[in-house]
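Each remark here refers to the structure printed beneath this line.
The values are calculated or read from the model by the stated rules, or taken from the named source; none is laboratory data. Remember, predicted model here, so these are calculated numbers, not experimental data. Reconstructed Cβ throughout: ideal geometry from the backbone, glycine too, with neighbour counts over all protein chains shown. Accessible surface areas use protein heavy atoms only, side chains included; no ligands, DNA or RNA. Shrake-Rupley method; radii C 1.70, N 1.55, O 1.52, S 1.80 Å.
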Amino acid sequence: NRQRTKVVVTRKLPDNIETRMAELFDVQLNLADKPLGKEGLMKAVQTADVLVPTVTDNVDAEVIAAAGKNLKMIANFGAGVNHIDTKAAHEKGIVVTNTPGVLTEDTADLAMALLLSVPRRLFEGEKILRAGEWTGWTPTFLMGHRIQGKRLGIIGMGRIGSAIARRAKAFNMAVHYHKRTRLPEDVEAELEATYWDDLDEMLSRMDFVSVNCPLTDKTHHLLDRTRMKKLQPHAVIINTARGEIIDEEALADLIEVGRIAGAGLDVFEQEPEINPKLLELDNVVLLPHMGSATVEARMAMGEKVLINIRAYADGHRPPDRVIPS
Ligand code: 8YV
């Protein structure tokens with residue numbers, strides 16, 4: 001009964017995915033391509049069998065409570081599901097799926113781009129050049145720091161963290177990691193990564209830190225002011241996970257006073273709003289949440305959404321179910 005499955009999509013997806021979706025299901029697209037907002041979401045879940053949200057939709061307990069008994073599935077377009085109350089959904093018998101695996105390498109590439117951009121001062125150089133302020137080569141102009149031989153501490157060593165670890169190894173960095181549960185020995189050995197049970201201790205010894213854990217109640221402001229003060233003053237933080245894992249205000253303060261050297265951020269606490277303090281700083285690189293923004297990844301994410309909905313419509317178990325922790 002694919003044809004009768006009513007799928008409500010909250011944002012504009014790649015054309016090809018929307019076309020395929022419309023061929024398979026009874027689809028309601030969001031042609032305005034603006035977030036539906038609370039009211040819009042509450043309305044959508046009253047008629048949908050399947051909701052396809054993105055990170056810009058707050059599918060909280062209230063939205064889930066408003067769902068009609070037809071709503072059987074929330075097929076998220078994206079890997080992170082922090083914007084969905086998975087527990088409330090689970091209790092109501094609504095299956096939540098995501099799109100893991102297909103955005104791993106692209107997000108890791110972006111993390112590496114930030115890991116290179118901040119210490120090598122790429123965007124400072126670009127800004128100077130475009131402003132017509134470059135007066136020519138000098139022996140000391142825009143000297144940065146190399147990443148070779150430096151220590152990278154990865155917080156959360158899942159798919160993306162591991163992909164960053166492999167890249168960092170190729171750049172001759174020493175890889176360290178902190179994770180709730182230690183990786184199996186063989187996986188740890190393959191990644192040549194050193195495990196730290198104590199996050200504070202790891203932080204105090206790193207040159208670079210990459211945030212790659214999911215956002216949960218436990219990881220909200222995991223990097224708070226006190227914890228970030230454990231870092232050495234030359235340390236740089238990279239975040240391609242979720243803004244709320246870092247206390248952004250504290251981060252800006254610590255960079256401003258030189259207590260931390262810099263940051264590369266693709267995600268923020270109040271997207272698309274950026275803390276004005278961050279905008280004032282030269283030694284931060286700020287990107288508009290584009291970790292998975294490649295044609296290839298976004299198509300593959302759409303494919304995953306299709307596969308998951310198709311499984312549900314055909315009466316099978318969708319492959320990418322998210323189990324609330
Ligand atoms: C997406 C992401 O662009 O997958 C994630 O968790 O943050 C990004 O890849 C976004 O979440 C789409 O919903």
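Numbers at a glance
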item	result
So Thr181, is it among the hydroxyl-bearing types (Ser, Thr, Tyr) and under 20 Å from Thr107 (Cβ atoms)	no
In region 45-77, the residues that are open to solvent by 10 Å² or more (accessible area, probe 1.4 Å) and either within 16 Å of the ligand (Cβ to nearest atom) or not in a loop (DSSP other than H, G, I, E, B) (or both)	Gln46, Thr47, Thr54, Val55, Thr56, Asn58, Asp60, Ala61, Glu62, Ala65, Phe77
Residue list for region 300-322, filter: touching a helix residue (DSSP H, G or I) at 6+ places or on another chain (Cβ under 8 Å), in a loop (DSSP other than H, G, I, E, B) and either closer than 20 Å to Ala250 by Cα or open to solvent by 60 Å² or more (accessible area, probe 1.4 Å) (or both)	Asp314, Arg317, Pro319
Boolean, Thr107 is among the polar types (S, T, N, Q), part of a loop (DSSP other than H, G, I, E, B) and near the ligand (Cβ under 10 Å from one of its atoms)	no
Which numbered condition Ile238 misses (of (1) part of a loop (DSSP other than H, G, I, E, B); (2) closer than 25 Å to Glu280 by Cα)	(1)
Residue list for region 293-319, restricted to those being within 12 Å of the ligand (Cβ to nearest atom) and within 14 Å of Asn76 (Cα to Cα)	Arg298, Ala300, Met301, Gly302, Lys304, Val305
Region 287-299, residues that are surrounded by 18 or more Cβ atoms within 10 Å (Cβ to Cβ) and not in a loop (DSSP other than H, G, I, E, B)	Ala297, Arg298
The one condition in (1) within 22 Å of the chain's Cα centre (by Cα); (2) closer than 29 Å to Asp85 by Cα that Met206 fails to fulfil	(2)
Filter result (touching a strand residue (DSSP E or B) at 6+ places or on another chain (Cβ under 6 Å) and without any contact (Cβ under 8 Å) to a residue 24 or more places away in the chain) within region 176-191	Arg182
Qualifying residue in region 222-242 (condition: open to solvent by less than 50 Å² (accessible area, probe 1.4 Å), over 22 Å from Val175 (Cβ atoms) and not aromatic (Phe, Trp, Tyr))	no
Odd one out for Val209, checked against (1) in contact with a strand residue (DSSP E or B) (Cβ under 9 Å, 6 or more places away or on another chain); (2) closer than 17 Å to Ile238 by Cα; (3) surrounded by fewer than 20 Cβ atoms within 10 Å (Cβ to Cβ)	(3)
Matching residues in region 110-141 - criterion: being outside any helix (DSSP H, G or I) and free of Cβ contacts under 8 Å to residues at least 12 places away in the same chain	Ala131, Gly132, Glu133, Trp134, Thr135, Gly136, Trp137, Thr138, Pro139, Thr140, Phe141
